[in-house]
Amino acid sequence: MQRNGGAEPVTGLVLAGGRGSRMGGIDKGLADVGGRPMVAHVLERLAPQVDRMVINANRHRDDYAGFGHPVVADAQAEYPGPLAGFSAGLAAATTPWVVTVPCDSPLLPADLVERLRDVQRASAADIVSAHDGERLQPVFTLLRTDLHPDLEAFLASGQRKIDRWFAGHRAVTADFSDNKMAFENVNRPEDRLRMARQLTRSDPDSQD
């Protein structure tokens, strides 16, 4: 079922393959935020925007599989970074487009995919990333699935930087300066309580 107004279908890729170094090495996606694993909030926000979902995880894969979506690990060892997660998701995708989001940003925009797609259609770009008005948010990105072989070659050459890979393609940005808070993430243990409060405030069904 297409959920993009008849546009080409999109796979949502949740990136949960990092080390969680600033969180003491815990698996950030499974960290409790407001009584639920953080990744559950992310999946809930993204699901209505895409046609199918995939989770990129390198640890606790059975736990992630319990959310009902395919789980794929990085092909490269030693946590090489988000581009390895991009590559794993592109390899697993069966749709022409993939949209990536991190597991630690449960406030992600409810219209993320729609706005990224609008910019892509207007620009004919291969890659569209969110920009919050102050900085690029490269892990919130819409990209063509058929870029996978090129990304594999880039990673095989030992390169890891997202901006350098983006620079080799038609890459543009989508303006989300009106919703900068949506890109806030959980980097430290003390951020979890702050995020839980923000989620409560953003929930129209919550009671004060």
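The values are calculated or read from the model by the stated rules, or taken from the named source; none is laboratory data. Small disclaimer: the values here were computed from a predicted structure and weren't measured. Glycine also receives a Cβ, built like all others from the backbone with ideal geometry; neighbour counts cover every protein chain displayed.
Identify, by number, the condition in (1) modelled with pLDDT under 95; (2) in contact with a Ser or Thr (Cβ under 6 Å, 6 or more places away or on another chain); (3) under 30 Å from residue 76 (Cβ atoms); (4) not in a loop (DSSP other than H, G, I, E, B) that residue 129 doesn't meet.
Checking residue 129 against (1) modelled with pLDDT under 95; (2) in contact with a Ser or Thr (Cβ under 6 Å, 6 or more places away or on another chain); (3) under 30 Å from residue 76 (Cβ atoms); (4) not in a loop (DSSP other than H, G, I, E, B), the one that fails is (1).
What are the pairs, 6+ residues apart or on separate chains, where a residue within segment 121-145 that is among the basic types (Lys, Arg) has its Cβ under 7 Å from a residue that is surrounded by fewer than 22 Cβ atoms within 10 Å (Cβ to Cβ)?
Matching pairs, first to second residue: 144/96; 144/126.
Say we look at segment 139-163 and pick out the residues that are closer than 15 Å to residue 56 by Cβ and of a type in the set (Ser, Thr, Tyr); which of these is surrounded by the fewest Cβ atoms within 10 Å (Cβ to Cβ)?
Out of the qualifying residues, it is 145.
Have a look at 121, 160, 115 and point out the one that is of a type in the set (D, E, K, R), outside any strand (DSSP E or B) and touching a strand residue (DSSP E or B) at 6+ places or on another chain (Cβ under 6 Å).
Among 121, 160, 115, only 115 is of a type in the set (D, E, K, R), outside any strand (DSSP E or B) and touching a strand residue (DSSP E or B) at 6+ places or on another chain (Cβ under 6 Å).
Can you confirm whether segment 167-178 contains a residue that is out of contact with any strand residue (DSSP E or B) (no Cβ under 6 Å at 6 or more places or on another chain), modelled with pLDDT of 95 or more, more than 30 Å from residue 91 (Cα to Cα) and outside any loop (DSSP other than H, G, I, E, B)?
Checking segment 167-178: at least one residue is out of contact with any strand residue (DSSP E or B) (no Cβ under 6 Å at 6 or more places or on another chain), modelled with pLDDT of 95 or more, more than 30 Å from residue 91 (Cα to Cα) and outside any loop (DSSP other than H, G, I, E, B).
Could you say whether any residue in segment 111-123 is β-branched (Val, Ile, Thr) and within 24 Å of residue 188 (Cβ to Cβ)?
Of the residues in segment 111-123, the ones β-branched (Val, Ile, Thr) are 113, 119.
With the extra rule that they be within 24 Å of residue 188 (Cβ to Cβ), the set shrinks to none.
No, segment 111-123 contains no residue that is β-branched (Val, Ile, Thr) and within 24 Å of residue 188 (Cβ to Cβ).
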